[in-house]
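Below is one structure, written out as structure tokens, with a few remarks after it.
The values are calculated or read from the model by the stated rules, or taken from the named source; none is laboratory data. In this text the structure is predicted, and so the values were computed from the model without any measurement. A quick note on method: Cβ atoms are made from the backbone with ideal geometry, for glycine too, and the neighbour counts reach across all protein chains shown. SASA here: full protein model, heavy atoms, side chains in, ligands and nucleic acids out. Shrake-Rupley method; radii C 1.70, N 1.55, O 1.52, S 1.80 Å.
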Amino acid sequence: MTTSPDTAPPRPATPRTAAIILAGGRASRLGGAAKPLLDIDGRTLLDRAVAAVAGCEPIVVVGPPSPLHVDVVWARETPSFGGPVAGIAAGLALIDTAEVYLLAADLPNAEAAVAVLRQHPPLSPGDDENKNDNDNKNDDENASENENHDGLCLTDAAGRMQWLLGRYRTAPLRTAVAALPDSGRGASMRALLADLALTARAAGDLAMDVDTWDDLERARAMMSTHRRGDANASASDEETT
């Protein structure tokens, strides 16, 4: 499975970076199955999403509580099944960070995809606890690059914006939610983000999601192929040592 051509190491999440994972949809194209709990290669989609944003604080999962091996904050939109924007509103009420990752709980490649988002410089001025003296010379460049950016979204292999695979400045996102009627219930992601200045970054199959049973089988096949490739590479390495 191909990853991003970018070879820069991912920037670790800082305590000022939160994450909201949306895990409460109806999954109508899956017959109402609990999509976040679908298994791919021994791990649920929800497990993959939570692992992708490890280090974020807090990690808010909007959906019915499910077994997890890490601590998260659970939330529900009111009423339930109010749509993704209502879910984001519920999550935003529980965070006070400068930036937030928004993630759907149906992304087989969530960890690799979020690693691409983490490579990008902080969107919020001064929000980088990991910089050192050697980074100071890049401050002006980063500030200029992000001056008018409200968020970063990945695009899939078809070039479609994956709004729920992104990293956003919290303040403009909160303002956008507040501008919608009924706390965003029933609103589309396009309506929510229409006035935000977003940057798109191509991610190919890393941004694929699971909406149908065919999508699930394709994701399982890709993971199996990737696992066999890793095993073959490891065996090759052992033979040459």
Quick one: which of 108-121, 176-189 comes out on top by average Cβ neighbours within 10 Å, and what's the full order, highest first? 108-121, 176-189
Starting from 0.36 nm per residue, how many nanometres of slack lie between residue 211 and residue 175 once their C-alpha separation is accounted for? 10.0 nm
Can you give the FRET efficiency to the nearest 0.05 for residue 155 and residue 191, using r as the Cβ-Cβ distance and R₀ = 30 Å? 0.95
Just to be sure I understand: of the beta bridges DSSP finds with both ends in segment 142-220, what percent are antiparallel, rounded to 5? 45
Expressed in square angstrom to the nearest 10, the accessible area of residue 195 with a 1.4 Å probe stands at 150
